[in-house]
Amino acid sequence: MKNLIVANWKMNPNSQKEAKEIFDAIREGSRGLDVEVIVCPPAVYLYASIFGEGVVSMGAQNVYFEDKGAFTGEISVEMLKDLKVEYIIIGHSERRKYFGETDEIINKKIKKALEAGLKVIFCVGETQEEHDAGKKNEVLEKQIKIGLDGITDLANLNVAYEPVWAIGTGNNCGVEETKESLDFIRTLIGQVRVLYGGSVKSDNSGEYIKEAGANGLLVGGASLIAEEFIKIVKSAE
Ligand code: PGA
């Protein structure tokens, strides 16, 4: 299976024009490379006319677990499917921290997305405090146990190990420690693609693939700079 490189644009950029410029540059730079590339923009940019067809697939940063109805502000799996969205990031630490997403809510979202045939990038990872208290494995185990409760078909599941302390801080996780965590996640879940995320840049990305054994990368800040992101994609070939 190809390595998976995911651009998580978070709440950026602020205009369709900029989104299209970054996206077009990423698509052209990714053409012909033996890597699966996904761009997850804000939901308002998730339509094919901005993205064009092929090379790079679209992913959403969030979804709601109900089918439809009176849930102001939310987006359903069917809406995403109708837009030809292929992937959904679920359980990102920013959603856990700022929007109160619990492991139980994340479990419902993952179930709904997988049942609909969408591919999931399920984020897990410990905070600085948990890390310093030596609770990393305990945290990962809990997030995974509840997050995947009742889910048996893992064919469309990808997991991203994102230590919260490494996200957007420039303090990326060391290769050895990353390898340990990725291996630990595989012992809990089995053979799914396991990605690393947290301050990935082109000068550290290759190590995660080649030395830590990651099956891909979840890239935040660096995914908004097309040239830098393409270097990251190339390092995963
Ligand atoms: P970062 O974000 O690459 O800016 O650290 C990663 C993420 O939050 O997925």
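The values are calculated or read from the model by the stated rules, or taken from the named source; none is laboratory data. Since we're looking at a predicted model, the values are computed, not measured. We place every Cβ from the backbone using ideal geometry, glycine too, and count neighbours over all the protein chains shown. To get the accessible areas, we keep the full protein, side chains included, count just its heavy atoms, and leave off ligands, DNA and RNA. Shrake-Rupley method; radii C 1.70, N 1.55, O 1.52, S 1.80 Å.
Tabulated results
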{"quantity": "Residue pairs meeting the criteria (Cβ under 9 Å; at least 6 apart or on separate chains; first farther than 14 Å from V219 by Cβ, in the range 160-174; second more than 8 Å from the ligand (Cβ to nearest atom) and of a type in the set (K, R))", "calculated": "P163/K136; V164/R96; V164/K97"}
{"quantity": "The range 185-230 - residue that is charged (D, E, K, R) and away from the ligand (no atom under 14 Å from the Cβ) and, of those, farthest from A19 (Cα to Cα)", "calculated": "R186"}
{"quantity": "Residue within the range 101-109 that is within 16 Å of the ligand (Cβ to nearest atom) and not β-branched (V, I, T) present", "calculated": "yes"}
{"quantity": "Residue match in the range 122-141 (condition: modelled with pLDDT of 95 or more and within 11 Å of the ligand (Cβ to nearest atom))", "calculated": "yes"}
{"quantity": "Pair list, Cβ < 8 Å and 6+ apart or interchain, from the range 175-186 residues that are touching a residue at least 12 places away in the same chain (Cβ under 8 Å) to residues that are open to solvent by 50 Å² or more (accessible area, probe 1.4 Å)", "calculated": "V175/E207; V175/E211; K179/E211; F184/N137"}
{"quantity": "Cβ pairs under 8 Å, 6+ apart, first in the range 199-212 and of a type outside the set (V, I, T), second open to solvent by less than 10 Å² (accessible area, probe 1.4 Å) and more than 15 Å from the ligand (Cβ to nearest atom)", "calculated": "A212/L182"}
{"quantity": "Flag if A116 is of a type in the set (A, V, I, L, M) and without any contact (Cβ under 8 Å) to a residue 24 or more places away in the chain", "calculated": "no"}
